[in-house]
Amino acid sequence: MPELPEVETIRSSLAPALTGRRLERVEILDPRLTRPEPPELVAAALEGERVADVRRRGKYLVVVFESGRHLLVHLRMTGNVLHPAPEGREDDPHVRAVIRLDDGSDVAYRDVRRFGTWELLEPNELETYFAARRLGAEPLGRSFTAARLGRSLAGRRAPIKAALLDQRAAAGIGNIYADEALWYAQVNPLTPAGDLDEAEVSALREGVRKALRLGIRRQGATLRDYRGADGRRGRMQDEFNVYGREGEPCERCGAPVAKTRVAGRGTWFCPTCQERH
Ligand SMILES: [Zn+2]
């Protein structure tokens, strides 16, 4: 499932290819992508729009148009945006949409599990949209301070791992980077979020940023489906400290990595350096 580093990797290669380009033809082949909006309506509305920028907010790709509209793309489980569209896409049953740009190249949206979404917002709807979803701070942004993180965790009884996953404390963290961040911070994933002391909150902020930055540098983690927009695999999976490493030695202390479940998700941690207190 793409998290912030994977989405950022896709964004950074799409931005130079799309910025300044006009969408000449848009085909949305799967009605699930835009529902409840009819796909042909969304496709018609997108045709003629010119891309001003490609941004990211949490796990959302945000295509900014010169008209002030925004296309929000959420990749969910297995979505991906590919440019240039790979050869043989006409025969690929997982391609759900194709955009022809005014330079003659195609962008393909591919999604095996079909949970991804496209939403076209009118000008000035973006902030309301994110506020309604209580989307938290950008963890790599300047406003993501330890004080702010502490305030958003205060009083919460949910395990800290669950609090990181629900996007309110910080946007863009999923299962992989939550486990890696908690390992860096030496915080047990089951600790009630509101019980973290000041030093732990501060360590967690650093851990979140460290894990996400490393993920971006390695162009994301490819476990199954994820690819960059250029079709390349990420390399972050070679650098996990705990994620998916049950029974293997902790990179810090050598104790075997343990696995538990938090919020229904497999959760890996070092029982020695992330001891519960
Ligand atoms: Zn350890």
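Assorted remarks:
- Checked against (1) modelled with pLDDT of 95 or more; (2) assigned to a loop (DSSP other than H, G, I, E, B), Glu119 meets all criteria but (2).
- Meets criteria (touching a Lys or Arg at 6+ places or on another chain (Cβ under 9 Å), open to solvent by less than 50 Å² (accessible area, probe 1.4 Å), touching a residue at least 60 places away in the same chain (Cβ under 8 Å) and assigned to a loop (DSSP other than H, G, I, E, B)) for Tyr226: yes
- Residues of the stretch 27-49 satisfying the condition of being open to solvent by less than 30 Å² (accessible area, probe 1.4 Å) and not small (Gly, Ala, Ser): Ile28, Asp30, Leu33, Thr34, Pro39, Val42, Leu46, Glu49
- Inspection of the stretch 95-114 identifies at least one residue that is under 20 Å from Arg224 (Cα atoms), outside any helix (DSSP H, G or I), touching a residue at least 40 places away in the same chain (Cβ under 8 Å) and among the acidic types (Asp, Glu).
- Verdict on Gly68 being farther than 25 Å from Arg133 by Cα and surrounded by fewer than 20 Cβ atoms within 10 Å (Cβ to Cβ): no
- Considering the stretch 250-277, and only residues there that are open to solvent by less than 30 Å² (accessible area, probe 1.4 Å) and aliphatic (A, V, I, L, M), the residue that is farthest from Val81 (Cα to Cα) turns out to be Ala255.
- Qualifying residue in the stretch 132-142 (condition: touching a strand residue (DSSP E or B) at 6+ places or on another chain (Cβ under 8 Å), closer than 30 Å to Leu196 by Cβ and basic (Lys, Arg)): no
- Across the stretch 103-140, the qualifying residues are those that are hydroxyl-bearing (Ser, Thr, Tyr) and in contact with a Gly (Cβ under 9 Å, 6 or more places away or on another chain), and the one among them that is surrounded by the most Cβ atoms within 10 Å (Cβ to Cβ) is Tyr109.
- Search result, residues across the stretch 251-270 that are part of a loop (DSSP other than H, G, I, E, B), more than 9 Å from the ligand (Cβ to nearest atom) and in contact (Cβ under 8 Å) with a residue 60 or more places away in the chain: Ala263
- Output for the stretch 229-249, where each listed residue is touching a residue at least 24 places away in the same chain (Cβ under 8 Å) and either buried (at least 19 other Cβ atoms within 10 Å of the Cβ) or within 13 Å of the ligand (Cβ to nearest atom) (or both): Ala229, Gly234, Met236, Phe240, Asn241, Val242, Tyr243
The values are calculated or read from the model by the stated rules, or taken from the named source; none is laboratory data. What you see is a predicted model; the values in this text were computed from it and never measured. We place every Cβ from the backbone using ideal geometry, glycine too, and count neighbours over all the protein chains shown. Accessible surface areas use protein heavy atoms only, side chains included; no ligands, DNA or RNA. Shrake-Rupley method; radii C 1.70, N 1.55, O 1.52, S 1.80 Å.
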